[in-house]
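Take a look at the structure set out below.
The values are calculated or read from the model by the stated rules, or taken from the named source; none is laboratory data. It should be emphasised that the depicted structure is a prediction, and the values quoted were computed from it without experimental measurement. Heads up, the Cβs are rebuilt from the backbone with ideal geometry, glycines too, and the neighbour counts pull from every protein chain shown. Areas reflect the complete protein model, heavy atoms only, side chains present, ligands, DNA and RNA absent. Shrake-Rupley method; radii C 1.70, N 1.55, O 1.52, S 1.80 Å.
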Amino acid sequence: MTNFDGKRVFVTGAGVGIGYAICHEFAKAGAIVALNDMDADLAQSSATSINADVGREAVLAYGFDIADIPVLQQTIQSFANQYGGLDIFVANAGITNYGSFLEYTPEAFDRILQVNLQGSYFSAQAVAKAMIAQNIFGRIMLMSSVTGEQAFLNLGAYGITKAGIRMMARSLALELGEYGITVNAISPGAILTERTLADDPKFEANWSSVTPVGRGGYVEDITATVLFLASEGARHITGQTLQVDGGWTLHSPLPDGHPEQPEESSKLK
């Protein structure tokens with residue numbers, strides 16, 4: 001699972017956090033990686049940082065909003081054309097927007113659908129077309145969440161999109177299987193990142209207290225899952241959603257100190 005020499009990888013929403021770590025791991029494993037973020041400056045600085053760490057120009061930066069479908073499609077096709085194909089795609093881009101059902105706005109709902117569902121769906125479509133054109137047995141991974149399985153206070157709209165990702169993986173896997181393309185979803189639980197720490201400074205201690213394995217999740221837990229699903233060892237796995245939550249969805253309690261509506265993740269992006 002550690003050798004991806006020559007593989008062409010595209011990761012969306014990768015300026016920080018889980019997406020950044022995924023790009024870093026693929027670059028370390030020998031792949032050429034397209035790193036996307038809606039913040040073009042962040043995408044470039046993140047790509048530069050990874051390249052410096054791995055000692056080669058492994059990562060290319062692409063700054064665009066995945067809700068902009070024409071730009072999304074054009075960029076994916078351009079990358080595939082430039083590097084002779086596309087082997088692995090991770091639809092990591094997504095926004096979290098807290099808000100109670102009775103107060104949630106159409107503007108917020110439209111935006112979260114455009115990014116989380118529409119962006120994932122049409123980026124996967126563009127990737128699949130590129131893979132089929134090059135006759136590549138590709139891997140597509142979509143990022144769901146435990147909130148797509150268990151109801152979570154003030155995250156109804158977000159959870160709806162993440163539940164949709166689970167069905168998206170099943171539907172796309174059914175249609176793309178004949179081309180040798182596998183499609184799976186990954187469902188992270190509480191993962192320590194810059195954003196979750198900004199939402200809750202006691203995030204690690206809070207979630208460790210309610211997770212069966214006794215600790216919160218780390219980005220390394222998600223990157224290991226991504227690399228496995230992208231590997232030859234996962235060639236017979238498709239249409240599945242893999243829970244990576246330390247067992248939290250077995251009983252699903254919330255930490256006593258968890259903020260009901262975190263300031264950072266309640267912003268409309």
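For region 56-73, the set of residues classified as open to solvent by 70 Å² or more (accessible area, probe 1.4 Å) and within 19 Å of residue 26 (Cβ to Cβ) consists of 56, 57, listed by residue number. Looking only at residues that are of a type in the set (Asp, Glu) and surrounded by fewer than 15 Cβ atoms within 10 Å (Cβ to Cβ) in region 200-258, which one is farthest from residue 150 (Cα to Cα)? This residue is 232.
The criterion of being crowded, with 21+ Cβ neighbours inside 10 Å, touching a residue at least 60 places away in the same chain (Cβ under 8 Å), touching a helix residue (DSSP H, G or I) at 6+ places or on another chain (Cβ under 8 Å) and not charged (D, E, K, R) holds for residue 76. Scanning region 82-99 turns up no residue that is farther than 19 Å from residue 185 by Cβ and charged (D, E, K, R).
Residue pairs whose Cβ atoms lie under 9 Å apart, separated by 6 or more positions or on different chains, with the first residue in region 221-246 and closer than 17 Å to residue 25 by Cα and in contact (Cβ under 8 Å) with a residue 40 or more places away in the chain and the second surrounded by 19 or more Cβ atoms within 10 Å (Cβ to Cβ) and of a type in the set (Ser, Thr, Tyr), are 229/182. Does residue 71 fit the bill of being more than 18 Å from the chain's Cα centre (by Cα) and under 25 Å from residue 136 (Cβ atoms)? Yes, satisfied. The sole residue among 165, 140, 136, 132 that is within 22 Å of residue 97 (Cβ to Cβ) and either assigned to a helix (DSSP H, G or I) or touching a helix residue (DSSP H, G or I) at 6+ places or on another chain (Cβ under 9 Å) (or both) is 165. Considering (1) touching a Leu at 6+ places or on another chain (Cβ under 9 Å); (2) outside any loop (DSSP other than H, G, I, E, B); (3) surrounded by 22 or more Cβ atoms within 10 Å (Cβ to Cβ), the lone condition that residue 15 does not fulfil carries the number (2). Restricting region 24-41 to residues that are touching a strand residue (DSSP E or B) at 6+ places or on another chain (Cβ under 8 Å) and in a helix (DSSP H, G or I), the residue that is surrounded by the fewest Cβ atoms within 10 Å (Cβ to Cβ) is 41.
Checking each residue in region 227-252 for being under 23 Å from residue 214 (Cα atoms) and in a loop (DSSP other than H, G, I, E, B) picks out 245, 246, 247, 251, 252.
Yes/no matrix, rows are residues, columns are (1) touching a Cys at 6+ places or on another chain (Cβ under 9 Å); (2) part of a helix (DSSP H, G or I):
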| position | (1), (2) |
| --- | --- |
| 9 | yes, no |
| 51 | no, yes |
| 57 | no, no |
| 70 | no, yes |
| 97 | no, no |
| 108 | no, yes |
